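The values are calculated or read from the model by the stated rules, or taken from the named source; none is laboratory data. This is a predicted model, so every value here is computed, not measured. Neighbour counts are summed over all protein chains in view; Cβ atoms, including those assigned to glycine, are modelled from backbone coordinates with ideal geometry. The area values use the complete protein model at the heavy-atom level, side chains included, leaving out ligands, DNA and RNA. Shrake-Rupley method; radii C 1.70, N 1.55, O 1.52, S 1.80 Å.
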Amino acid sequence: MQFTVAIDGPAAAGKGTLSRAVAEKFGFAHLDTGALYRAVGVKAEAEGLDPVAAARSLTPADLARADLRTLAAGQAASKVAVIPEVRQALLDYQRDFARRAGGAVLDGRDIGTVICPTAEVKLFVTASAEVRAHRRWLELGGDEAQVLAEVRARDERDMNRADAPLKPAEDAVQIDTSDMSIEAAVAAACDLIAKAMA
Ligand code: CDP
Ligand code: CDP
């Protein structure tokens with residue numbers, strides 16, 4: 001069985017949390033595509049590589065680095081993510097993953113629009129910038145105002161780039177999690193998927 005769930009949205013909207021819960025419930029494989037861009041950004045900086053070369057030579061060890069979830073890695077990711085050749089280098093891996101037998105859920109920015117335009121279920125998860133920054137600050141600590149500024153800067157860059165900008169697919173279902181518990185968001189997503197599978 002091939003079944004693809006595409007989950008897109010801005011930073012810290014709850015994409016990863018939702019994807020992991022959906023993957024567990026339906027037995028789907030999960031790919032966090034943001035980790036690919038984070039790994040490219042961190043690898044390019046750490047090894048002084050051109051981002052395109054970093055994307056083309058990405059290895060599982062690069063994806064297992066401990067420093068991928070930092071604010072700095074998020075910024076580095078969104079900077080390399082504007083480069084079309086970087087996105088192209090990561091395309092086949094993501095599409096192959098989406099088509100694997102047994103079903104797959106991918107989360108990112110362009111899954112429903114570019115990577116898997118024919119995904120059976122497309123979700124666009126949002127929340128206000130303040131709520132999202134607060135969630136990220138709870139995870140990472142530091143100065144909350146700075147976390148908010150970084151989240152906003154990254155959203156701006158992601159929404160305004162020419163290649164695969166962050167935007168909902170026309171047929172995506174939008175879920176605003178600003179005032180929603182994780183459990184309620186998971187229940188809403190599982191309901192949509194179960195209906196699409198029936
Ligand atoms: O993957 P993405 O950056 O979109 O977000 P995440 O890592 O899934 O969620 C960011 C943080 O917000 C996590 O600590 C979640 O536990 C939390 N969260 C929440 O408080 N309420 C939700 N409805 C979803 C996520
Ligand atoms: O978890 P969070 O939402 O904070 O970020 P992420 O999903 O790990 O993505 C990090 C950055 O990678 C994003 O800000 C985008 O610039 C880029 N990205 C992208 O361009 N396309 C994707 N499919 C996934 C991430």
Cα centroid separation, the range 15-63 to the range 133-194 (Å): 17 Å
For the range 164-174, 3J(HN,Hα) per residue [Karplus equation, 6.51 cos²θ - 1.76 cosθ + 1.60, θ = phi - 60°, Hz, x = Gly/Pro]: 6, x, 5, 6, x, 5, 4, 9, 7, 8, 8
Compactness relative to 2.2 N^0.38 Å, alpha carbon Rg of the range 4-197: 0.97
Vicinal HN-Hα couplings computed from phi for the range 178-186 (Karplus, 6.51 cos²θ - 1.76 cosθ + 1.60; Hz; Gly/Pro x): 3, 10, 10, 6, 4, 4, 5, 5, 5
Rg and Dmax [Cα atoms of the range 1-58; Å; Rg one decimal, Dmax integer]: 14.5, 42
Unit charges on C-beta of K, R, D, E only; dipole of the range 42-100, Debye: 280 debye
Rounded to whole Å, sorted largest first: equivalent-ellipsoid semi-axes of the range 102-198, Cα gyration tensor: 26, 18, 10
Using θ = phi - 60° and Karplus 6.51 cos²θ - 1.76 cosθ + 1.60, couplings along the range 81-95 (whole Hz; Gly, Pro as x): 6, 7, 8, x, 5, 5, 4, 4, 5, 9, 5, 4, 4, 5, 5
Where only C-alpha atoms are counted, convex hull volume of the range 108-149 per residue in Å³: 86 Å³
Accessible surface, per residue, of the chain when the full set of protein chains is kept, probe 1.4 Å, Å²: 47 Å²
Arg161 long-range amide H proximity, modeled H, under 5 Å: Leu166
Cβ-based charge dipole, the range 4-197, positive-most Cα from Leu91, Leu106, Val147: Leu91
Cα pair distances in the range 1-103, grouped into 5 Å bins until the bin that holds the longest one, percent each: 2, 13, 22, 23, 19, 13, 6, 2, 0
Spin-label pair Ala72/Ala145, simplified geometry with 7 Å Cα→Cβ offset, distance in nm: 2.3 nm
For Ser178, residues with placed amide H under 5 Å, excluding near neighbours: Ser128
Long-range HN-HN contacts of Gly103 with modeled amide H, under 5 Å: Phe3
Exposure of Val173 as accessible area (Å², to 10), given a probe of 1.4 Å and all protein chains: 60 Å²
